[in-house]
Amino acid sequence: MAAMKTRMSSFSRNTSVAPAPQAPGLKSGPNGTIFLSSGIPDLDKILGGGFPLGSLVMVMEDTEAPHHMLLLRNFMSQGLVHNQPLLYASPSKDPRAFLGTLPSPVLSKDDRSHNRDPEQLQEKGLRIAWQYKKYFGEHQPNFDSHRDTKHEYCNDFDLRKPLERHFLTAQNICCLSIQDPPNLAALRDCCAKFLAQFSRNNSSISCAGRVAIQSFCAPQCEYSNMEWDMLSFIRSLKGMIRDLNAVAVITFPPSLLSPSSSKRWQHIADTLLSVKAIPDEDKELANLLTGYQDMVGLLNVHKVANVNTQVPVILEATTFSIKLQKRRYLVLECLNQAPVDGSSGSSYASTGSCSGSTKTGTLDF
Amino acid sequence: MAESICRNLRDGALEGEHAPALSIKDSIATPFGSDVFNYVLTKLSSNILAGKSQSKISILDCYTDPLGWKDSLKGPLDTENFSLKDPIEAVLFRHVRNLDLLLSAIIEMGEALARQGKGRFSVSIDSVTEMLRHASLSSVANLLSKVRSHASRLKIAINGVICKLDIKKVYDQNRISSTFWLLHSDLHEIRAIAALEYLSSMVGSLEPMNLSLNGQRGDLEKLSLLEQNSRKGKFHVRFKRRNGRVRVMCEDFHIKQSGINFTPVSSEEGIINQGLLPKVQFNLQLSEKERIDRAKVVLPFEHQGNGEPMHIYDGRRSLSEGKDEKASVLSENLQTNENSGKGEIIYFRDSDDEMPDSDEDPDDDLDI
């Protein structure tokens, strides 16, 4: 009867509906989505948990800076640490060589100083806390607690230490160079073969896969002037991935495409990020932004995937600065403008809650 | 700054990195690319020649007979028409359209040079513009990227020159390994230029001194500006640093009989990067007029130092000022009253019924 049946209204918390994934490196999110980590803890927080399975992430590069490589490195390392198969395609002649530059995870939390906030708290005397949110502790989502501490959902990566060999010799890494082939057929076939192992036929997920394509329209590739072919490849990749347990990240320099192509590619992405270089020794920027000395670039979040929902994800802030903390750890921070206008919304650091966030205490619709 | 570019080319790349690559761009307004190119080349070669007595420069001459026509004519034509500089040997290359062959010729030549000593070599391409005439953008880009990323023993510098495709391999014992090329920006589509900038680690562009000639100026002025442009210009360099930041540098250059001179920029130009930051809702900038007015404001509690008794302004306007003035909102910008000649802060109280300085404790009406 209706009275005996448990209430399954749309207002119930989705965490009880979705099956908790058994594999490490995955976590459930709202609306029945399952996330995998981007490898950068701050980015996961900003995006509300990570990259949802089945989505296509595109990163717009800046031709003047290699920051997209930082994002890719963390993404790939995270996958290897969690034993998730990886397909990597790049326009260099020897993509395997790039695997040697992948960073190694920091195993214990003590190594990494989470204490960038308490450092500021140790000012002598009067503290004027005009950025309150920064001082709240990080809320760990409660479903992380039953995980093994060795398999954290998202690791911090030390960019100075290369990933251990045993991760790289696993059989589940496929590397492909896209420089020489005259068309995209080889890449398409390779992707199709790789992704065939991740179909969603049963409710428990054994493993998820990652596809990383770097600098997709680089000029040294022969197919780079075949814009419709490239677009149709991306579309078919998106179609393949949509109902598989995999995430694809494609980076591309938009200035090397025609404007209409670039727009089309931006629209086809589920999650769209862009990285930008910043000028060196710029006094204007140094005056406008605090922490300019440590910044290496800017990250913009243009679009966040909303899967299984009509509710758009609205972020508090979309521009973040990329910093290398101690030259090792990649952190993303909200831009802190010097307190000329303290009431502006962008002056809180390291937030980015969105409607699908994993904070406890919020109602999930 | 031009020195620092040459130094960067001379230093070469670290292990595992691609070789530094410089793109020199010019246009019809400042057609001095070859001069800058020659400057860089002479700087590099002087560094080389100073280092080792056995250094060699060899030329892959793709100018004399790029498509092999003279060869195929089999006539009595003299096909050995080198454009030589004396001790340098030039090898004729006839298949410019086949970039794979070109690349292997370059590498072969470079390896031959490098084998004579344990060194690296640089490749300079005199004109990428010329290469793009014969081959597609993607194949030229392919060649350049392969050149940059060639095995670390060999490093190639490619110089581009407008009409001639000379590829000189500069053997350097002092770890010079870099590439540089010349490009004419008005002969290519934007995509091609963007692609070549993408492939280079430093982009130098030549710009005229005076950017625009106003059409309404007289002929004499135009001529003098043209005259100026014909000898001088600005050299902007965008330098991609390893940490991901971009250093932008600018210098003036002046072409003389003896060569080209670089001087630091005469006028300061600030680069405003407001496009990078998110826009705030208020306008925080003050215009000049507003700045002057703000300076003129007489602050209400300040001792003006002129012997008058201090008047504490409590916001109530005196009756003489009239009550029919329109109220305006107190905003971040201080409003000024121009008529008085000195600035004032105009403050409108919320309601005139409020008694100032009341003796009552305003917290008395809280019942706790």
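Between the alpha-carbon centres of region A:254-304 and region A:184-238 there is a gap of 24 Å.
Taking other Cβ atoms within 10 Å as a rough exposure proxy, A:64, A:281 sort from fewest to most as A:281, A:64. Between residue A:321 and A:299, A:333, A:334, A:335, the built amide H atoms are under 5 Å apart, and every one of these is 5 or more places off in sequence or on another chain.
Toward the positive end of the charge dipole of region A:177-278, with +1 on the Cβ of Lys and Arg and -1 on the Cβ of Asp and Glu, the farthest Cα among A:241, A:230, A:192 is that of A:241. Placing a label point 7 Å from the Cα of residue B:46 along the Cα-to-Cβ direction, the residues of region B:1-40 with a backbone N closer than 17 Å are B:1-11, B:35-40.
Converting phi to 3J(HN,Hα) with the Karplus coefficients 6.51, -1.76 and 1.60 and the offset θ = phi - 60°, region B:241-248 yields 7, 5, 7, x, 8, 10, 9, 10 Hz in sequence order, with x at every glycine or proline.
When the listed pairs A:27/A:161; A:276/B:232; A:283/B:240; B:25/B:232; A:323/B:234; A:283/B:296 are checked against a 22 Å cut-off, the alpha-carbon distance exceeds it for A:27/A:161; A:276/B:232; A:323/B:234; A:283/B:296. The length gained on full extension between residue B:17 and residue B:257, counted as 0.36 nm times the residue separation minus their Cα-Cα distance, comes to 82.5 nm. Listed values for region A:168-180 are Karplus-derived 3J(HN,Hα) couplings in whole Hz (6.51 cos²θ - 1.76 cosθ + 1.60, θ = phi - 60°), namely 7, 8, 5, 7, 9, 10, 10, 10, 9, 9, 9, 7, 8, and x replaces Gly and Pro.
Each residue, residue A:228 and residue B:112, gets one label point 7 Å from its Cα in the Cβ direction; the gap between the two is 4.7 nm.
Full extension of the chain between residue A:170 and residue A:188 yields a length gain of 4.2 nm, computed as 0.36 nm times the residue separation minus the alpha carbon distance.
The label point for residue A:201 and the one for residue A:235, both projected 7 Å from the Cα toward the Cβ, are 2.9 nm apart.
Applying the Karplus relation 6.51 cos²θ - 1.76 cosθ + 1.60 with θ = phi - 60° to region B:195-205 yields 3J(HN,Hα) values of 5, 6, 5, 4, 7, 9, 9, 9, 10, x, 10 Hz, where x marks Gly and Pro. Amide H contacts of residue A:250: A:57, A:58, A:59, A:213, each under 5 Å away and 5 or more positions distant or on a separate chain (H built 1.01 Å from N in the peptide plane; Pro and chain starts excluded).
How much FRET efficiency would the formula 1/(1 + (r/R0)^6) give for residue B:345 and residue B:288, where r is the Cβ-Cβ distance and R0 is 22 Å, rounded to 0.05? Kindly include the intermediate steps, with their values, before the conclusion.
Numbers: r = 20 Å, r/R0 = 0.90.
It comes out at approximately 0.65.
Between residue B:29 and residue A:83, how high is the FRET efficiency from 1/(1 + (r/R0)^6) when r is the Cβ-Cβ distance and R₀ = 51 Å? Nearest 0.05. Display every interim value, and only then the final one.
Numbers: r = 58 Å, r/R0 = 1.14.
Calculated value: 0.30.
Every number in this text was worked out from the coordinates using simple rules, so none of it is lab data. This one's a predicted model, so the numbers in the text were calculated from it and none came from an experiment. Note that we place each Cβ from the backbone using ideal geometry, even for glycine, and neighbour counts take in every protein chain shown.
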